[in-house]
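Below is one structure, written out as structure tokens; the observations come after it.
The values are calculated or read from the model by the stated rules, or taken from the named source; none is laboratory data. Not measured: the values here are computed from a predicted model. Here the Cβ positions follow ideal geometry from the backbone for every residue, glycine too, while neighbour counts run over all protein chains shown. SASA here: full protein model, heavy atoms, side chains in, ligands and nucleic acids out. Shrake-Rupley method; radii C 1.70, N 1.55, O 1.52, S 1.80 Å.
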Amino acid sequence: MDSNNVLGEFLRARRELVRPEDVGLRGGGLRRVPGLRREEVATLAGISSDYYLRLEQGRDRNPSVQVLEALARVLSLDADATRHLVGLTGTGRRPGPRSRRAAKPAQVPASIRQLIDGWPTNPAYVQDRYTDVLAANALGRALSSNYVPGVNLLRTVFLDPAARELHRDWEDLTAGIVASVRARAGADVDDPRLVELVGELSIRSERFRVLWGRHDVVPMRSRVSKLSHPQVGDLDLYCDKLDIGTSDGLLLVVFHAEPGSRDAELLGLLGSLNAPEFTGYVKADEQGQPQRHSDAPGVDEPSDDGS
């Protein structure tokens, strides 16, 4: 990463992803570079080629919002990526996270720890802006051995073979996590911790290197996580990511299943297999009504006479 020319890096990366035919240009013939040429971007955006060259080379870092919006249109950027582009110039930029980190490391509020520990049927964990896990409840740890404090999920998802086996949607997951890390970093690409992570993963993972080079920007959003768990098999869980207010970029990540579904049954089974104090898991009957199973010790099935 070149922290001195974040705008130029972004423009160049996104320009190389746009095919000439996508913007009404003839794409035939040999091209020395992928995507659009600089002069093509300039012409389509209504600016001079020399001015655009200065933007990519970092010799002009104060383009107007109108110029940035024109470039965003040519580069087929969505609303999130357009906001990111504008933010790279410093327009409306908020104080970077470095000053906050210098004060003290991010801390998980005690109330959040109590909240997730009280969820026996919802795996949950808390992560920081670097995807370090800071807290997790019992079912979260049962869902993945990586959902434990001290694990960096960005590193793990690319380097741990077990993570690839767990996530049936690994391709989508890796693309999403890289794009969300970029979105949260914004222009703060010289953050020491981020530089360390990106440097390590760029060397050790070709897929990470390709994804990071695309400069995709997508904020964290809810998704359906497709898992293949070694204890209970395949299950699809909703995964919601919630900002923790008044915190240093902390996210609360919560998994849940469709009520009454087989996924909910498997999630309950996972809890019973991993928590000795668990008193039974909920299963839906033929009419879709929840029924309490008593596979765990200490739970008695009712007798036929109702006693």
Which of the residues spanning region 12-61 are within 29 Å of the chain's Cα centre (by Cα) and without any contact (Cβ under 8 Å) to a residue 40 or more places away in the chain? E16, R19, P34, G35, L36
Breaking point among (1) at pLDDT below 70; (2) of a type in the set (S, T, N, Q); (3) not in a helix (DSSP H, G or I), for S99: (3)
Pairs, first surrounded by fewer than 22 Cβ atoms within 10 Å (Cβ to Cβ) in region 135-151, second of a type in the set (G, A, S) and assigned to a loop (DSSP other than H, G, I, E, B), C-beta under 7 Å, six or more apart: A138/A275
Restricting region 201-241 to residues that are modelled with pLDDT of 90 or more and basic (K, R), the residue that is nearest to L273 (Cα to Cα): K226
Examine region 257-271 for a residue that is surrounded by fewer than 16 Cβ atoms within 10 Å (Cβ to Cβ) and touching an Asp or Glu at 6+ places or on another chain (Cβ under 7 Å), and state whether such a residue exists. no
Flagged in region 34-75 as over 18 Å from G186 (Cβ atoms), of a type in the set (S, T, N, Q) and open to solvent by 80 Å² or more (accessible area, probe 1.4 Å), in numbering order, are T43, Q57, Q66
Do the conditions hold for A175, that is, is it out of contact with any Ser or Thr (no Cβ under 6 Å at 6 or more places or on another chain), surrounded by fewer than 20 Cβ atoms within 10 Å (Cβ to Cβ) and within 30 Å of E9 (Cα to Cα)? yes
Please work out if D60 is assigned to a loop (DSSP other than H, G, I, E, B) and acidic (D, E). yes
Complete set of residues in region 199-227 that are more than 25 Å from A79 (Cα to Cα) and either open to solvent by 40 Å² or more (accessible area, probe 1.4 Å) or among the aliphatic types (A, V, I, L, M) (or both): E200, L201, I203, R204, E206, R207, K226, L227
So which residues in region 249-266 are assigned to a loop (DSSP other than H, G, I, E, B) and under 26 Å from D128 (Cα atoms), if there are any at all? G249, L250, A257
